[in-house]
1. Taking 7 Å along the Cα-to-C-beta vector as the label spot, tell me the B:Gln125-B:Glu223 distance in nanometres, rounded to one decimal.
2. Under a Cβ-only charge scheme (Lys and Arg +1, Asp and Glu -1), can you give me the dipole magnitude of the protein assembly as shown about the Cα centre, in debye to the nearest 20?
3. Please check: in the Gaussian network model of chain B (C-alpha springs, under 10 Å), which one of B:Ser248, B:Ser138, B:Ser211 has the largest mean-square fluctuation.
4. For labels at B:Glu185 and B:Asp205 in the simple 7 Å Cα→Cβ model, what's the distance in nm?
5. Would you mind telling me which residue in A:Asn38, A:Asn238, A:Asn131 has the biggest mean-square fluctuation in a Gaussian network model of chain A, where springs connect alpha carbons within a distance under 10 angstrom?
6. What is the distance in Å between the Cα centres of the range B:305-350 and the range A:3-56?
7. Mind pulling the angle between the C-alpha long axis of helix A:8-36 and the longest principal axis of chain A? Nearest 10 degrees, somewhere in 0 to 90.
8. Over the whole of B:106-112, what's the average partner chain Cβ count within 10 Å per residue? Rounded to a whole number, please.
Amino acid sequence: MSDFNRSRLIDWALRLYILLAFAFIFAPIAASFVFSFNVDRFPSLPLGGFSTIWYEAVANDPLVWEGLRNTLIAGVIVSVLATAIGFGAAYTDFRYKFFGKTFYVALALLPPTIPVVILGLAMLAFLSNVNLSGAIYSVIIAHVVMCAPFAMAIVRLRLSQMDPSLEAAAWNLGASEWMAMRHVVVPFCRPAIFAALFITMAVSFDEFAVAWFVSGLNETLPVKVLGFLQGQVSPRINVIGTFVFLASMTLVILAQILLMKRGGASTKTAEPVGDGL
Amino acid sequence: MTEQALVVFDGVAKRYGSFVAVEDFNLEIRKGEFLAIMGSSGCGKTTTLRMLAGLEAPSEGEIRLAGKRINDLPTWQRDTPMVWQSLALFPFLTVRENVEFSLRMRGVEKAERLRRVDRWLERMQITEFADRNVAHLSGGQRQRVALARSLVTEPPILLLDEPLSALDAHLKVRMQTVLSNLQRELGITFVYVTHSQSEAFSMADRVVIMSRGRIEQIGNPQEIYRAPRTKFVAEFLGSSNIFAGKVSNVNGEAIRISTPAGDFDVAPNTAKPLSKGDKATFVVSGDRVHLSNQPPSDGYNGLQASVVGEEFVGATAIIHLEGAERIEIKAQKSHDELGDLNLAPGAKVWVSWRPEVTHILPGE
């Protein structure tokens, strides 16, 4: 667009708007980051002085390590399972026509729209009924249910950019259905599959409410943080918050980069994945 | 089945629910011929090709390839590669990997794969792009990759589904030459589906014209052009004037047909013996009629018509006229032949032609 058609006022207003939006989102996180290096016990200004004692305290706390371990185990397993299920669901939607398909897709994308407290309660009720509650796999089951729709949405977006003849062309060139899946469909979806792995891991990593209901004694890190908050006010929370934030942001950004980069090669750039639903 | 038939369609039909896509389809495709299947969209030509490729199963009848029934053979077990309208190149693979694909799927060992891919890259003149991503190629180059990818297994038959439709006119003509030469050199069978008369007629040895799932006519381009079998074919080719009426007199060699536009003498057609009172439809192609200010001399058919408009087509012009009973008439003439004839809309001119240039449609 040529410059003389633009109002400078609107330009500046938009810039200010973006700035405010980012400030609103990131100020608390930045504050938490700053205070995590503050020597004072209570977050107050002026800052008391730079220190890493809270990081040391966290690093020496076996409870934190246990929470982190649970979070990581759950995150990795959840991301793999949720992405596999999401891929299957998206592929089914792409490839087949069947009675009740609209209903099937709606149902498959439903879980993120259910309030987490309700989902958590329902999960707890269900899992304890079948004696699966209070363990790390309870968190995994619940998180797979929550994350699979994200994976499905991401893969579906990618599949919608695939020329429908591509798979048939592979069959026609001597590939069986399994070979076409392996050599054509999966490679085509590879960026979306990685993006889905990272996003679902990030969702599981952050998720608190459902994990709180079903984890029992095997608390994940976010649940541990709540425990700390209830017991005492400690800058250790800032430390953990900073860590969790950095970890999830890294995963989400990786996913974005993957989706943007490869999406452009074939047809068009993939939509940002954050609003994939 | 003759010795030369590579593919036989024997009473093939394809239905989707109550919709009939292809019906009563009988065709022998010869070894080494360039066959075009032509028709407007929805006529069943692509469905026919997909049945041959193994992407659709016939609802009825039998398809044989080299004498073997292939109805139930999945597409990956046939060697009937297809060039797609969208080309369907694999976007995440390089040119070389695209061409290599079918050899890899068929378990050809690596050294052999390389040799054959190299040969085809060379043959299609795309060696210099071998390691490029297919997304970064021009339309003509992509076309060549698609051909190499399909031909690398050296199949007995190649199926083409409107592969040139995405190209601009100039490139289209160039690719037509590439395809014709390739087919001649390889000596394999090409089955080419298109809605374009110019593509079909310029490349094919034989043309099949389809309409509403049925074959309207099979023949070489000259036959079809000069002697269409049905009104549909004549209309589809678009260059003929069509007159329908009743036989009013048969006198030895001369047949007289009364139509709403007038009575005309028509050459008999051995494929359609007529007697008095029969319904008959005949055509006169637009380049064989004369236009004049004077009524025609004896031995010519003539009618007076008014000019509707003139369409400029390079070296020639198509004059649209309207005769009695609003009958449309087209005349295709060079600018020299038109001379100083008054062709203003509404002007009256005489349209004439000799009985020998008429053709009675045997299928009507």
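1. 3.5 nm
2. 900 debye
3. B:Ser138
4. Computed distance between label sites B:Glu185 and B:Asp205 equals 1.9 nm.
5. Of the options given, A:Asn131 has the highest mean-square fluctuation.
6. 79 Å
7. Helix A:8-36 and the main axis of chain A meet at about 60 degrees.
8. 1
No lab work stands behind these numbers, since they all come straight from the coordinates. Being a predicted model, the structure only gives us computed values, none of them experimental. We place every Cβ from the backbone using ideal geometry, glycine too, and count neighbours over all the protein chains shown.
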